[in-house]
Every structure is written in C-alpha cells, then in structure tokens.
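Notes follow the structure.
The values are calculated or read from the model by the stated rules, or taken from the named source; none is laboratory data. Just so we're clear, the structure is a prediction, and the values are computed from it rather than from any experiment. No Cβ is skipped: glycine too gets one built from the backbone with ideal geometry, and neighbour counts run over all protein chains shown. Side chains are part of the model used for accessible areas, which takes the heavy atoms of the whole protein and leaves out ligands, DNA and RNA. Shrake-Rupley method; radii C 1.70, N 1.55, O 1.52, S 1.80 Å.
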Amino acid sequence: GDPLFLEPFWKQHAASSAVVVAGWHRMSYCFVGKSTIAAELEKCIRELHAVVGNAKTDGRYLIFGVGSTQLLNGAIYALSPEDSSSPASVVAAFPFYPVYKSATEFFDSVEFKWLGDASLLKNRSDSSGTSIEFVTSPNNPDGKFRKPVLTGPSAKTIYDHAYYWPHFSAITSAADEDLMIFTLSKLTGHAGSRFGWAFIKDEKVYTRMQRYMSLSTMDRSHDTQLRTLKLLKVVLKERGRKLFEFGYKTMRERWERLSKSFSSSKRFSLQKLEPQYCTYFKNVTGPSPAYAWIKCEREEDQDCTAVFRTANIIGRPGIVFFGGSRYVRLSLIKSQDDFELLLQRIHALISKESAAASSIYST
Ligand code: PMP
C-alpha cells in the first residue's frame, strides 16, 4: 500500500513544497516562544476537510498522531471502559485491514481484547459489555463504503477514513462521526513522514487519547508537523483541485485499464464498485479504488495468491484480510512503472486463459 502514485505530483511542485530547516532550529521539546506551527496546521486540516467536504470538524477536538497507526491504537485505549471488570471486545467486519487485529493482540490489555468478526458479537445474546468496532470506509481491501455492524449505547466505533479522499472514492457526504481518523499517507502520499490525525467529539475520550499519545511518544515530531503544514498549504491552493484532479485521474485510469483486462476473464473477478455523485467534483465519478480485490472463480484455484505468484505477481493473500484464500489484494497505488508491469503480467495471465479456451474449441 505504498502510495507512490502521487510522486509525479510532488515533482511538479518541488519548490513550493520544499522545507529547509537549519541545524539549530527548533531543537526543544516545546515549540519555542510563540510558534504557531501546530495551531496553523490545525487550521489547515480543518480548512481542508471543509473544502473537500469529507468530514464535519466543528465542535470536535483534533489530535495528531505518529501516522494513523498510533491513533488507531490510542483510540482502542481511549474507548475502553476505565474501571470495568470486563474488557471491551474489539471487532471488525470481514474483510478488514489486518493491523487492527495484530495491534490489538500485541498491545494486549486488561481493558480490551480482540474478539474477531463483528457479526459474531451481533448474534451473541451475552454481548452486554462494551464493544469497539473498526469501520474502514472506504474499506481496505475492497474499496466499499462501510457502516458499523454493531449499534447501541455500549457499541463504540472507530472510523478509519484513510481512503476517504477524492483520489480513491466519491465524496458522498461529510462524515459526522464521534471518532474519525485520517492519515497523510494516503492523502498526499507521504507515508514515511508518519502523520495522522483524529477528530473526537467526546472530551473524556479526547483526554484519554491524549494521555496515550503523550505516554507512547511524548509529543509528535515537530519536523513532521512543519513538513505536513508545508504540503497541505500546497494542496489547499485552488481548493485542492490540482492534487485531487491528478490523484483521481491517475487512479481512475488505472482502474479502467485493469477492469478492461479482467473483463475478458472467467477465471478471475474484480470487486464491483458503482459510479457515485461526488460532492467535491460536483459530478458523477467512476470507481478509482486503491486496491483490486480479486476472486479466483475456478474450483481448483483454492489459493488465489499462488495463482498470481506463478505469473510473477505478488499480491497480499485474502486470508491476511480474513477474506478467504480465494481472494488476493493487488495494490494500485504504487509508481506508474510498477503499475505498467503489473498490467503486463495480468495481460499475460489472462491471455493464457483465452488461449487455453480456444485450444479446447479447436480440438
Ligand atoms: N488504516 C488503513 C485502512 C490503512 O490501509 C493504512 C495503511 N495501509 C493505515 C490505516 C495506516 O496508515 P498510517 O501510514 O497513517 O499509519
């Protein structure tokens, strides 16, 4: 999921996005004097959401994190009951981004436990305790919009909106949830800068999450905050038009070419995504997801990842996402060279299929 598809955009904006910091600058734990970087950055992030229309931010607290990964972990802690004898059950609906499970299990706590599939809890009669559900919308791996499976007073939800940007999805309405997480990684492509942010409605949840952040990394890197600010100022020029038009065009073109390749295949199927009205582009936009979620349809192709591996295509196995071994996820957000190579190898794999079919008919 390395978002290098945006590298050409930043090459076009190399000078305006550059940051130079002298060695003696900003060495302190604190922003020295009345530095306004964090406040400016907060203003920029709120403005960006208002311009894109993907989230309501009024009346919500904002927290920065070391990538959204740190915030996802902090959110579980913050939503868990403070002094309950029964830990919160952490769940997600299949297929889901695997880090939710691995991180929850790794940071094992008396306050929360990984339970698994969200629908397991829905169908259980003894599910009276707190539940924390990860809802990724649009979803990784399949790009679909998601809603929580669990509802009610003890059902808490962490909305991961990593992909809710016009490159990957139509903006259908402004998200208005209690806890929403976003990341720079999938917005500008700067995954290595490790910057994410969360909007939180409830003050108590916010305070607990701040506590988690300050105990795990004390503060968030000032260098990263400065770089993020510089990048977002470039993004905000012309109300984001340049970045989002570039991002959408690139991803849309990739999806159209990929869909065309798979349209002649009976062996493989791609996830189905519908065009939707995008309030940002003020137009109906076709699908442009970050990943292809492919199913192997033939009875004998039980291990879909292995089938692609024989064609020299490395995908992430469906079982990693708890989606089953008949599925494989291919990343569409890498560099153009990587994408071209991927497409060439897919063509070769699919043309073998039609060659095999025509040899059956000719015998
Ligand atoms: N959430 C989802 C759904 C993701 O796909 C990813 C990255 N692949 C992340 C979170 C982590 O992003 P970050 O780089 O902000 O830690």
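For the chain, leaving out every one of the GluC sites (Glu not before Pro) that falls in a DSSP loop and has at most 10 other Cβ atoms within 10 Å, the longest unbroken run is 83-298. Annotation: the antiparallel percentage among DSSP beta bridges lying fully within region 128-258 is about 40. Of all complete DSSP H helices in the chain, those with a Cα span along the helix axis of 24 Å or greater and a mean Kyte-Doolittle hydropathy of -0.5 or more are 336-362.
Compactness of the chain, taken as the C-alpha radius of gyration over 2.2 N^0.38 Å, stands at 1.06. Per residue of the chain, the DSSP helices (runs of n ≥ 4 H) give a summed -39500 (n - 2.57) that works out to -12000 deg cm²/dmol at 222 nm. A 21 angstrom limit on the alpha carbon distance is what I want to check against. Which of Lys144/Lys295; Lys122/Lys186; Lys56/Lys334; Lys144/Lys249; Lys11/Lys43; Lys56/Lys113 exceed it? Long pairs (Cα-Cα over 21 Å): Lys122/Lys186; Lys56/Lys334; Lys11/Lys43; Lys56/Lys113. The accessible area of Asp337, taken with all protein chains in place and a 1.4 Å probe, comes to roughly 120 Å².
Which percent of the accessible heavy-atom area of region 59-117 goes to carbon and sulfur, probe 1.4 angstrom? Show your work: numbers first, answer last.
On the way: 1320 of 2310 Å².
Carbon-and-sulfur percentage of accessible area, whole number: 57.
Scanning the chain for trypsin sites (Lys or Arg not before Pro) in DSSP loops with at most 13 neighbouring Cβ atoms within 10 Å leaves 125-265 as the longest stretch between them. Computed with a 1.4 Å probe over protein heavy atoms only, the accessible surface of region 7-239 comes to 46 Å² per residue.
Here's how it looks for Thr157: its modeled amide H is under 5 Å from those of Glu133, which are all 5 or more places away or on a different chain.
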